[in-house]
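Here the structure is laid out as structure tokens; the discussion comes afterwards.
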Amino acid sequence: MLAADPGASIASIATEAGVDRRTVYRRFASREDLLAAVYAARLAAIEEAIEDARLREAPVAVALHRYVENVIGVNRTWPVDLTDMLADDTVRARRDALAHEVDVFLDRATDEGLLRAGIPEGWASALLPRLMHLVARQFPALSPAQAADVVVDTLLRGLGTS
């Protein structure tokens, strides 16, 4: 609901969840506390996705597919954008640490020849999350594994025929 309407009220969230708004307020003192909990859960899920992918030790192609599949699952389970929470130093630090982990992995993928050298620095880091976001939202009929196949193939081969 927050993904569709970031301004959704506690009352409408409670109604959608099938509970009384007092129930929500017993757990969360404010709408901001509820949002912080949602963002924290999303970050924790991304941390688990990265850990499960074993970006530093698994074979690069295996780690890439597992990471993409895991993050697509996170994007579908927690379809909220962290941008609103980046003013919070703790959230930003966690997000930056995750981005750094992926950047190190993408450098490894380039060093091992899975990604083409010579592309502008940061291009793969900018493109990969957008591809995962796109497939998670626009192609819900694809399973996370099928969606990961599409993303990884697009990342590695591009859309050209050569």
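The values are calculated or read from the model by the stated rules, or taken from the named source; none is laboratory data. Source: prediction; values computed, not measured. Cβ sites come from the backbone with ideal geometry, for glycine too, and all protein chains shown count toward neighbours. Note: areas computed on protein heavy atoms with side chains; ligands, DNA, RNA excluded. Shrake-Rupley method; radii C 1.70, N 1.55, O 1.52, S 1.80 Å.
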Notebook entry, point to check: Out of curiosity, is Val91 modelled with pLDDT under 90 and in a loop (DSSP other than H, G, I, E, B)?
Noted result: no
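I want to confirm something. Restricting to the range 120-160 and keeping residues that are among the hydrophobic types (A, V, I, L, M, F, W, C) and open to solvent by 80 Å² or more (accessible area, probe 1.4 Å), which single residue is modelled with the lowest pLDDT?
Filtering first and then ranking leaves Leu159.
Filter the range 75-114 down to the residues that are polar (S, T, N, Q) and either within 15 Å of the chain's Cα centre (by Cα) or open to solvent by 80 Å² or more (accessible area, probe 1.4 Å) (or both) and list them by number. Explain how you work it out, then say what you get.
Start the filter on the range 75-114 by keeping residues that are polar (S, T, N, Q), which leaves 75, 77, 83, 90, 110.
Listed by number, the residues that qualify are Asn75, Thr77, Thr83, Thr90.
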Of the candidates Ala117, Ala141, Ala97, the one satisfying the condition of being on the phi < 0 side of the Ramachandran plot and not in a loop (DSSP other than H, G, I, E, B) is Ala97
Across (1) over 13 Å from the mean Cα position of the chain (by Cα); (2) surrounded by 12 or more Cβ atoms within 10 Å (Cβ to Cβ), Ala117 clears everything bar (2)
Within the range 10-32, residues hydroxyl-bearing (Ser, Thr, Tyr) and more than 20 Å from Thr77 (Cα to Cα) come out as Thr23, Tyr25, Ser30
Ala63: passes all of (1) over 26 Å from Thr154 (Cβ atoms); (2) at pLDDT 95 or above but (1)
Exactly one of Glu112, Glu69, Glu51 is under 17 Å from Arg130 (Cα atoms) and charged (D, E, K, R), and that residue is Glu69
Within the range 12-53, the residues that are part of a helix (DSSP H, G or I), open to solvent by 50 Å² or more (accessible area, probe 1.4 Å) and among the hydrophobic types (A, V, I, L, M, F, W, C) are Ala17
Output for Cβ contacts, cut-off 8 Å, separation at least six or different chains, first residue more than 18 Å from Val62 (Cβ to Cβ) in the range 133-153, second surrounded by fewer than 19 Cβ atoms within 10 Å (Cβ to Cβ), reads Val135/Leu142; Val135/Val150; Ala136/Arg76; Ala136/Pro79; Arg137/Pro79; Phe139/Val150; Pro140/Arg76; Leu142/Val150
